[in-house]
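See below for the structure under consideration.
Where a number appears in this text, it was derived from the coordinates with a stated rule and is not lab data. In this text the structure is predicted, and so the values were computed from the model without any measurement. Cβ sites come from the backbone with ideal geometry, for glycine too, and all protein chains shown count toward neighbours.
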Amino acid sequence: MKIATWNVNSLKVRLAQVLEFLAAEAPDVLCLQETKTEDTNFPLTEIAAAGYHSAFSGHRTYNGVAILCHTQPDNVSMGIVDFTDPQKRVIAGTVSGVRVICVYIPNGESVESDKYKYKLDWLAQLNAWLKGELSRYPKLALLGDYNIAPEERDVHDPKFWEGKVLFSEPEKAAFRDTIALGLVDSFRLFDQQEKAYSWWDYRMNAFKRNLGLRIDHILLSAELAKNCKSCSISRDVRAKERPSDHAPVIVEIET
DNA sequence: ATGGCTTCATAGTGAAGA
């Protein structure tokens, strides 16, 4: 089973690239973030023509998440249970016995911002909810744009980023709390090249200079992690014409 | 090494992303 995640930064703008990615990689599941698309405008037909079912939760301008899937996902749910959030950031579904949770974790803007408080609160709510989800679904994959670089090696310049949003201590602590629930950062199960990132700023030639952060993650429950065969970042996608600022991440799991 | 991109909503700029 091949599962991927990608922050597309507008599904409308990136639709052709999404279809290209589906054709090239043929993932069983593709989780999308920042679709920025109202549900009524979701490109169901084009995605169906590529052989994929869609489950989605979006609104205009910001946020928006979706799960594209070769088979119809079961028990699709939106949001974090018991947490009222008008922003569409979570969608989950069960595919071949695997609970797939697609998340777009808040950016936080800066550590002084009210959005940063929202981010930390959001992460606490996520972790509280996940605890129950993990006991219900031993085979669970949590994927998406975390907007957190967990370790120094995930940041091109740790000194520069120290204490800043995406790499501040409370954010990293929240990430470790997620891991402590019994999830594994699949990327670190394998030998990886140094300076491997999943996001590069559009400005300052950041991609060409590899000034990036690894903030998109695929976390697996123990039962899935033990059968995980690979985890890689599709860096070439970021090099395309008019790219998203994020690259996709893909895992292969033996089922 | 953050003003220096990109997208959206809108009709000239402003917000937001990360």
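Are any residues in region A:177-208 loosely packed, with under 12 Cβ neighbours inside 10 Å and farther than 23 Å from residue A:229 by Cα, and if so, which ones?
Result: A:202, A:203, A:204, A:205, A:208.
Just to verify a result, which residue in region A:1-10, among those that are more than 21 Å from residue A:253 (Cβ to Cβ) and surrounded by 24 or more Cβ atoms within 10 Å (Cβ to Cβ), is farthest from DNA strand B (Cβ to nearest atom)?
First, the residues of region A:1-10 that are more than 21 Å from residue A:253 (Cβ to Cβ): A:7-10.
Keeping just the survivors that are surrounded by 24 or more Cβ atoms within 10 Å (Cβ to Cβ) gives A:7-8.
Working: A:7: 5, A:8: 9 Å.
Of everything passing the filter in region A:1-10, A:8 is farthest from DNA strand B (Cβ to nearest atom).
Every residue in region A:137-171 that is in a helix (DSSP H, G or I) and within 15 Å of DNA strand B (Cβ to nearest atom), please. Walk me through how you get there before you give the answer.
Restricting attention to region A:137-171, the residues satisfying the condition of being in a helix (DSSP H, G or I) are A:152-154, A:158-161, A:169-171.
Passing the criteria: A:152, A:153, A:154, A:158, A:159, A:160, A:161, A:171.
How many of the residues making up region A:18-57 are in a helix (DSSP H, G or I) and surrounded by fewer than 20 Cβ atoms within 10 Å (Cβ to Cβ)? First the steps, then the outcome.
Quick first cut of region A:18-57, residues in a helix (DSSP H, G or I) only: A:18-25, A:39-41, A:44-49.
Filter once more, keeping what is surrounded by fewer than 20 Cβ atoms within 10 Å (Cβ to Cβ): A:19-20, A:22-25, A:39-41, A:44-46, A:48-49.
Residues in region A:18-57 being in a helix (DSSP H, G or I) and surrounded by fewer than 20 Cβ atoms within 10 Å (Cβ to Cβ): 14 in total.
Just one of (1) among the small types (Gly, Ala, Ser); (2) over 23 Å from residue A:6 (Cβ atoms); (3) over 19 Å from the mean Cα position of the chain (by Cα) trips up residue A:206, so point out which.
(2)
Residues checked against (1) of a type in the set (Asp, Glu); (2) in contact with a helix residue (DSSP H, G or I) (Cβ under 6 Å, 6 or more places away or on another chain); (3) farther than 17 Å from residue A:34 by Cβ:
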residue	(1), (2), (3)
A:83	no, yes, yes
A:86	no, no, no
A:92	no, no, yes
A:100	no, no, yes
A:104	no, no, no
A:107	no, no, no
A:125	no, no, yes
A:137	no, no, yes
A:155	no, yes, yes
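Any idea how many residues of region A:12-31 are within 12 Å of DNA strand B (Cβ to nearest atom) and touching a residue at least 12 places away in the same chain (Cβ under 8 Å)? Step through it out loud before you land on a result.
To start, the set of residues in region A:12-31 that are within 12 Å of DNA strand B (Cβ to nearest atom) comprises A:12-17.
Still in the running and touching a residue at least 12 places away in the same chain (Cβ under 8 Å): A:12-15, A:17.
The total comes to 5.
Among (1) more than 15 Å from DNA strand B (Cβ to nearest atom); (2) at negative phi; (3) surrounded by fewer than 21 Cβ atoms within 10 Å (Cβ to Cβ), which single condition is residue A:82 missing?
(2)
Among the candidates A:189, A:213, single out the residue that is of a type in the set (A, V, I, L, M), within 16 Å of DNA strand B (Cβ to nearest atom) and under 20 Å from residue A:249 (Cα atoms). Step through it out loud before you land on a result.
On the way: A:189 fails: within 16 Å of DNA strand B (Cβ to nearest atom).
That would be A:213, the only listed residue that is of a type in the set (A, V, I, L, M), within 16 Å of DNA strand B (Cβ to nearest atom) and under 20 Å from residue A:249 (Cα atoms).
List, please: which pairs have Cβ atoms under 7 Å, are six or more places apart or on different chains, and start with a residue in region A:146-158 that is under 20 Å from residue A:101 (Cβ atoms) and end with one that is of a type in the set (D, E, K, R)?
Cβ pairs passing all conditions: A:146/A:216; A:148/A:171; A:148/A:172; A:150/A:172; A:150/A:185.
In region A:55-71, how many residues are within 15 Å of DNA strand B (Cβ to nearest atom) and either under 11 Å from residue A:29 (Cα atoms) or polar (S, T, N, Q) (or both)?
Adding up the residues that qualify gives 3.
Tell me the residue from A:47, A:80 that is of a type outside the set (Ser, Thr, Tyr) and within 20 Å of residue A:220 (Cβ to Cβ), please. Quick ask: steps written out before the conclusion?
Values: A:47 fails: within 20 Å of residue A:220 (Cβ to Cβ).
The match here is A:80.
Those residues that are farther than 28 Å from residue A:253 by Cβ and of a type in the set (D, E, K, R), I need them from region A:153-177; list them, please.
Once the filter is applied, which keeps residues that are farther than 28 Å from residue A:253 by Cβ and of a type in the set (D, E, K, R), region A:153-177 yields A:157, A:159, A:162, A:164, A:169.
Filter region A:32-54 for residues that are under 21 Å from residue A:250 (Cβ atoms), away from DNA strand B (no atom under 13 Å from the Cβ) and not hydrophobic (A, V, I, L, M, F, W, C) and give the result.
Taking region A:32-54 as the starting set, the residues that turn out to be under 21 Å from residue A:250 (Cβ atoms) are A:32-35, A:47, A:50-54.
Adding the requirement that they be away from DNA strand B (no atom under 13 Å from the Cβ) leaves A:47, A:50-54.
Once the filter is applied, which keeps residues that are under 21 Å from residue A:250 (Cβ atoms), away from DNA strand B (no atom under 13 Å from the Cβ) and not hydrophobic (A, V, I, L, M, F, W, C), region A:32-54 yields A:51, A:52, A:53, A:54.
Given the residues A:210, A:205, which is the only one that is farther than 30 Å from residue A:121 by Cβ, in contact (Cβ under 8 Å) with a residue 40 or more places away in the chain and out of contact with any strand residue (DSSP E or B) (no Cβ under 7 Å at 6 or more places or on another chain)?
Values: A:205 fails: in contact (Cβ under 8 Å) with a residue 40 or more places away in the chain.
It is A:210.
Could you check how many residues of region A:223-245 are more than 21 Å from residue A:24 (Cα to Cα) and either in contact (Cβ under 8 Å) with a residue 60 or more places away in the chain or among the charged types (D, E, K, R) (or both)?
Adding up the residues that qualify gives 3.
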